[in-house]
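The values are calculated or read from the model by the stated rules, or taken from the named source; none is laboratory data. Note that this is a predicted model, so its numbers are computed, not measured. Neighbour counts run over all protein chains shown; Cβ positions are idealised from the backbone, glycine included.
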Amino acid sequence: MSQFDEHGKAYMVDVTNKDETVRTARGFARVILSGETLEKIKKGEIHKGEVLTVAKIAGIMASKKVSDLIPLCHPLNLTFSDLTFRLIDEPPSIEIESFVELKGKTGVEMEALTSVSVAALTIYDMCKSIDKNIEIKDIYLLEKTGGKSGTYRREK
């Protein structure tokens, strides 16, 4: 499957005749920040609000808007989207993991990756006034299931 026709022009892949299967994907991102910023997040002392709650909502909302953001992605009717956060003291960081699911004709990898990316950007936005050195790193697909190609799991 390609998103280019015989003349090299971009087009949306036709999934009309593909089988509907349950498809899932898990994405990952890491936000590196100062120890002081991490402590303020833990204590709910960021003036813009509860950082992880807002980031979770942003990530879920983003997973449902991928076709509006990434050219040629199919609009999907997700049946589930969620994010989890792991706060790490050393080095100070937040690991973000998304899980996205649907029953459909195309995979949800882009939805999982967009979800963690927007959640990470939301953390940055909410904390940038106190920490200009925040880094967003290590955005990648952890796993995908379903479809003709089956299961993929990232090797550690």
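Computed quantities for the displayed model
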item: Among (1) in contact (Cβ under 8 Å) with a residue 40 or more places away in the chain; (2) within 27 Å of residue 126 (Cα to Cα) - the single one residue 85 does not satisfy; result: (1)
item: Sole exception among (1) outside any strand (DSSP E or B); (2) more than 27 Å from residue 128 (Cβ to Cβ); (3) not aliphatic (A, V, I, L, M) for residue 48, by number; result: (2)
item: Number of the exception - residue 76 against (1) closer than 27 Å to residue 134 by Cα; (2) of a type in the set (A, V, I, L, M, F, W, C); (3) surrounded by 13 or more Cβ atoms within 10 Å (Cβ to Cβ); result: (1)
item: Subset tally (residues that are under 9 Å from the mean Cα position of the chain (by Cα), closer than 21 Å to residue 38 by Cα and part of a strand (DSSP E or B)) for the range 80-126; result: 4
item: Residue 53 without any contact (Cβ under 8 Å) to a residue 12 or more places away in the chain, more than 14 Å from the chain's Cα centre (by Cα), over 29 Å from residue 146 (Cα atoms) and outside any strand (DSSP E or B); result: yes
item: Residue 15 being closer than 19 Å to residue 146 by Cα, in a loop (DSSP other than H, G, I, E, B) and not basic (Lys, Arg); result: yes
item: Residue match in the range 56-72 (condition: touching a Lys or Arg at 6+ places or on another chain (Cβ under 8 Å) and either not in a loop (DSSP other than H, G, I, E, B) or not basic (Lys, Arg) (or both)); result: no
item: Count - residues of the range 2-45 that are in contact with a strand residue (DSSP E or B) (Cβ under 9 Å, 6 or more places away or on another chain), of a type in the set (S, T, N, Q) and at pLDDT below 95; result: 2
item: Subset tally (residues that are assigned to a strand (DSSP E or B) and either under 30 Å from residue 47 (Cα atoms) or within 15 Å of the chain's Cα centre (by Cα) (or both)) for the range 127-153; result: 10
item: Qualifying residue in the range 125-135 (condition: surrounded by fewer than 18 Cβ atoms within 10 Å (Cβ to Cβ), modelled with pLDDT of 95 or more, touching a Phe, Trp or Tyr at 6+ places or on another chain (Cβ under 8 Å) and of a type outside the set (Val, Ile, Thr)); result: no
item: Residue among 56, 103, 48 that alone is touching a strand residue (DSSP E or B) at 6+ places or on another chain (Cβ under 7 Å), among the charged types (D, E, K, R) and more than 30 Å from residue 18 (Cβ to Cβ); result: 56
